[in-house]
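Structure first, commentary second.
The values are calculated or read from the model by the stated rules, or taken from the named source; none is laboratory data. Owing to the predicted nature of the structure, the values given are computational and were not obtained by experimental measurement. So basically every Cβ, Gly included, is an ideal-geometry build from the backbone, and we count neighbours across all protein chains shown. Quick note on the areas: whole protein, heavy atoms, side chains included, nothing else; ligands and nucleic acids left out. Shrake-Rupley method; radii C 1.70, N 1.55, O 1.52, S 1.80 Å.
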Amino acid sequence: QVQLVESGGGLVQPGGSLRLSCAASGFTFSTYTMSWYRQAPGKERELVAAISTIGGSTNYSMKGRFTISRDNAKNTVYLEMYSLKPEDTAVYYCHANWGPLVRPDSGSWGEGTLVTVSS
């Protein structure tokens, strides 16, 4: 059974930094593409960053201020965020799917962790 557990969310001031973690279990982590999505109130869920089965060699981000990485030895994927803005406030979700490409219509989702950027 696939399990994805996010952590690291919370309240941060504008301009601050935060690192989210997603601990994975129940599957062969190294063969799965991992990604982070977010959903703000009243908006659709959007892809933030994805990293392929190659691991830390292929970082990718849809937002320039965010960086995704993975540690296959720990079955964990991270999202580093910096220069945070109030509009970054959202629930952030971890996603996993088999194969080299991100596939949001397949795979598994975590429960999400709330990030609030406010002074």
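Points to keep in mind about this one:
- The residues of the stretch 88-109 that are more than 16 Å from GLY10 (Cβ to Cβ), among the small types (Gly, Ala, Ser) and under 13 Å from the mean Cα position of the chain (by Cα), listed by number, are ALA96, SER108.
- Taken over the stretch 96-119, the criterion of being out of contact with any Gly (no Cβ under 6 Å at 6 or more places or on another chain), within 27 Å of GLY16 (Cα to Cα) and of a type outside the set (Ser, Thr, Tyr) is satisfied by TRP109, GLY110, GLU111, GLY112, VAL117.
- Breaking point among (1) more than 18 Å from ALA24 (Cβ to Cβ); (2) within 14 Å of the chain's Cα centre (by Cα), for LYS85: (2)
- So LYS63, is it more than 10 Å from the chain's Cα centre (by Cα) and modelled with pLDDT of 85 or more: no
Residue-by-condition table, conditions (1) in contact with an Asp or Glu (Cβ under 9 Å, 6 or more places away or on another chain); (2) polar (S, T, N, Q); (3) at pLDDT 95 or above; (4) surrounded by 12 or more Cβ atoms within 10 Å (Cβ to Cβ):
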residue	(1), (2), (3), (4)
GLY9	no, no, yes, yes
GLY15	no, no, yes, no
ALA23	yes, no, yes, yes
GLY26	no, no, yes, yes
SER30	no, yes, no, yes
GLN39	yes, yes, yes, yes
GLY42	no, no, no, no
ARG45	no, no, no, yes
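- The set of residues in the stretch 65-97 being open to solvent by 10 Å² or more (accessible area, probe 1.4 Å), part of a strand (DSSP E or B) and closer than 20 Å to ALA40 by Cα consists of THR67, TYR78, GLU80, VAL91, TYR93.
- Residues that are farther than 20 Å from ALA40 by Cα and buried (at least 19 other Cβ atoms within 10 Å of the Cβ) within the stretch 98-119 comprise VAL102, GLY107, listed in sequence order.
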